[in-house]
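Inspection log for the structure reproduced underneath, given as structure tokens.
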Amino acid sequence: MRRRGIDSAARRGRATFVDAADLDWMIVSVRVLSVRGILAFVLTYRLFRRLEADLLALARATPQRKR
């Protein structure tokens, strides 16, 4: 009796244990997650730049203390 697992999957030429029907759904999910991650990064970066610009404007507007 042969064990099922890594050896049998490698013999069949598969690199995953996910069924073919589920694999299509998985690929779509990973792509959607990747696109959302990229959008979140871009939005966070733009928010950071706006906040930095506001803080620099505040620093210019407030009087500096003399030492």
Query - Test: residue in region 43-59 that is hydroxyl-bearing (Ser, Thr, Tyr) and at pLDDT 95 or above - result: yes
Query - All positions within region 23-67 that are among the hydroxyl-bearing types (Ser, Thr, Tyr) and not in a helix (DSSP H, G or I) - result: 62
Report summary line: Residues of region 17-42 being small (Gly, Ala, Ser) and modelled with pLDDT under 90, in sequence order, are 20, 21
Report task. Please find, within region 6-16, the residue that is modelled with the highest pLDDT out of those that are surrounded by 10 or more Cβ atoms within 10 Å (Cβ to Cβ) and not in a helix (DSSP H, G or I). Result -> 16
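The values are calculated or read from the model by the stated rules, or taken from the named source; none is laboratory data. Please read these numbers as outputs of a predicted model, since none were measured by experiment. Virtual Cβ from ideal backbone geometry, glycine too; neighbours counted across all protein chains shown.
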